[in-house]
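A short write-up of the structure that comes next.
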Amino acid sequence: MHTFKFAALASLLACTAAAQPAWADAVEPAAQTVITAARYLDVASGKYVEHPAIFVGADGRISAIADARTVRWGAGVRHIDMGARTLVPGLIDMHVHLDSPADIGGWRGLEYTDSFFAMTAVSNGRAMLDAGFTTVRNVGSANRNDIGLMQAIDQGYVIGPRIVGAGHALGSTGGHCDTTGLPPSMEKPGKAEGVGDTPDELRYQVRRQRKYGATVIKVCATGGVFSHNTEPGQQQLTEAELTAIADEAHMWGLRVAAHAHGAAGIKTAIRSGIDTIEHASLVDDEGIKLAAARPRPVWFSMDIYNTDYTQAEGKKNGVLEDNLRKDREIGQLKRDNFRKAYKAGVRMVFGSDAGVMPHGLVGRQFNTMVTYGMTPLDAIRAATLNAAQALGKEGDVGQIAVGRYADLVAVDGDPLANVRELESVDGVIKGGVVIERAR
């Protein structure tokens, strides 16, 4: 007899074989849906579980997991049969920009009205969901487009992934998260939204983003690739400023993601208590040691695929040569440092920087992660178990387990043998509901 993983275990084990129909009745009141497949990946153990029957309640969460060969369910339970496919937990991308179409680069963005980019976020979010990413963390948007989309999805107006949104990213005057490249006559008076130049100003910006719906705080600790008048290695906030941001966010129960390419900025962000380091392109050995040893977990989110896209398509999309130059200079260094950080035991999460690359292609990064040293299982964990822990949402997403949302991805093959199975998934379920691929 196979064990049932839900609270009624003791009473189920007391049943006799003749009473098996009553077992199904015992789970039916808590189950609106049952999902079956050939197997699912338990990312915690790294092992497959054969012949699962995954019961889902009205709240979209998994209420029980049983063996489909022995369990029965009543006529009132909707059955989703994924056939001979393998299930993995819904994927999580920790670094996206949903309101950033990848094919509009450089000054071409000035051809469109402000609200255009909010409209593109709807289809970009849907593209990510169709790619198997049922949860995304949007680390900075214009006009709080990510917050608006999150609300529209949650209220059922559009279909998309679960969104953890930052609203406006925080940064220094003239830094990567400020508006750069325009003459003074074209800028609004005063500082741009999210910009601060003292610890107190940046504490205020944390409070302001939270006030208007942010569920994560994004800060730019160094210069960037696709901004003007900044270099990736430049540190742009002091340790006192970054510490103020981290302390304020943590007081409010929010986590902080720091855009940080340069070695000095990475180390300052780690010492300041930042939760995730985005890009980490030029991290040095000291920074890797700091990250691996810090008692409060810090996670690296390293987008190591998108250079393939930006170098191939960037010029055609309007990306300026200076930005492509910076992209070329750090692309391979970032990949090499990804290998070093992983080998040294740094905690890693999946972050694609979708928006720099098309949102529907982010699954291609799994193979790049494996090429640069990860096992397929750890690459999948980076986008499931690890990402959920880094979000502080391990009770909601990241595993196929009782109590978590029934967010599942189905593939025809074996992703542990060939991680490229995740480049084009064969089925997506969010909250126990099959997502029909957008036309």
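The values are calculated or read from the model by the stated rules, or taken from the named source; none is laboratory data. Everything numeric here is computed off the predicted structure, so don't read it as measured data. Positions of Cβ are generated from backbone atoms using ideal geometry, with glycine treated the same way; all protein chains shown enter the neighbour counts. Surface accessibility is based on the protein's heavy atoms, side chains included, excluding ligands, DNA and RNA. Shrake-Rupley method; radii C 1.70, N 1.55, O 1.52, S 1.80 Å.
Things worth noting here:
- Taken over the range 209-246, the residue count meeting the criterion of being free of Cβ contacts under 8 Å to residues at least 40 places away in the same chain and either touching a Leu at 6+ places or on another chain (Cβ under 9 Å) or not in a loop (DSSP other than H, G, I, E, B) (or both) is 5.
- Test result for Thr368, in contact with a strand residue (DSSP E or B) (Cβ under 7 Å, 6 or more places away or on another chain), within 15 Å of Ser301 (Cβ to Cβ) and not hydrophobic (A, V, I, L, M, F, W, C): no
- Tabulated pairs, the range 301-322, first within 15 Å of Arg108 (Cβ to Cβ) and acidic (Asp, Glu), second outside any helix (DSSP H, G or I) and modelled with pLDDT of 95 or more, C-beta under 8 angstrom, 6+ apart or interchain: Glu313/Ala102; Glu313/Asp103
- Between Ala341, Ala417, Ala406, Ala438, the distinction of being under 19 Å from the mean Cα position of the chain (by Cα) and of a type outside the set (Phe, Trp, Tyr) belongs to Ala406 only.
- If the condition is being within 24 Å of Asp93 (Cα to Cα), part of a helix (DSSP H, G or I) and open to solvent by 20 Å² or more (accessible area, probe 1.4 Å), then the range 291-320 contributes Ala292, Thr307, Asp308, Tyr309, Gln311, Ala312, Glu313.
- Among (1) under 24 Å from the mean Cα position of the chain (by Cα); (2) open to solvent by 10 Å² or more (accessible area, probe 1.4 Å), the one test that Thr238 misses: (1)
- Within the range 38-52, the set of residues being surrounded by fewer than 24 Cβ atoms within 10 Å (Cβ to Cβ) and among the aliphatic types (A, V, I, L, M) comprises Ala38, Val43, Ala44, Val49.
- Counted residues, the range 388-420 - those being outside any loop (DSSP other than H, G, I, E, B), open to solvent by 50 Å² or more (accessible area, probe 1.4 Å) and in contact (Cβ under 8 Å) with a residue 60 or more places away in the chain: 2
- Residues of the range 3-21 include none that is hydrophobic (A, V, I, L, M, F, W, C) and at pLDDT 80 or above.
- Scope the range 321-339; condition closer than 17 Å to Gln365 by Cα and either open to solvent by 60 Å² or more (accessible area, probe 1.4 Å) or of a type in the set (Phe, Trp, Tyr) (or both); matching residues: Gln332, Leu333, Asp336, Phe338, Arg339
- The set of residues in the range 342-364 that are assigned to a helix (DSSP H, G or I) and surrounded by 24 or more Cβ atoms within 10 Å (Cβ to Cβ) comprises His359, Val362, Gly363.
- Scanning the range 421-439 for residues that are assigned to a loop (DSSP other than H, G, I, E, B), modelled with pLDDT of 95 or more and of a type outside the set (S, T, N, Q) yields a count of 5.
- Put simply, of Thr180, Thr120 the only residue that is surrounded by fewer than 24 Cβ atoms within 10 Å (Cβ to Cβ), among the β-branched types (Val, Ile, Thr) and modelled with pLDDT under 95 is Thr180.
- Whenever a residue of the range 57-85 is over 25 Å from Gly395 (Cβ atoms), its partners that are open to solvent by 90 Å² or more (accessible area, probe 1.4 Å) and at pLDDT 95 or above, lying with C-beta atoms within less than 7 angstrom and at least six residues away or across chains, give the pairs Arg85/Asp412.
- Taking the range 22-61 as the range and being modelled with pLDDT of 95 or more, among the polar types (S, T, N, Q) and in a loop (DSSP other than H, G, I, E, B) as the test, only Ser45 passes.
- One residue stands out in the range 86-131 among those that are more than 24 Å from the chain's Cα centre (by Cα) and assigned to a loop (DSSP other than H, G, I, E, B): the one that is farthest from Asn323 (Cα to Cα), namely Ser115.
- For the range 241-259, a tally of residues being open to solvent by 10 Å² or more (accessible area, probe 1.4 Å) and under 25 Å from the mean Cα position of the chain (by Cα) returns 8.
- Filtered residues of the range 265-274 (kept if without any contact (Cβ under 8 Å) to a residue 40 or more places away in the chain and surrounded by 17 or more Cβ atoms within 10 Å (Cβ to Cβ)): Lys267, Ile270, Ser272, Gly273
- Tallying residues that are in contact (Cβ under 8 Å) with a residue 60 or more places away in the chain and charged (D, E, K, R) within the range 335-366 yields 1.
- Put simply, of Ile163, Ile159 the only residue that is closer than 26 Å to Ile277 by Cα, among the aliphatic types (A, V, I, L, M) and under 18 Å from the mean Cα position of the chain (by Cα) is Ile163.
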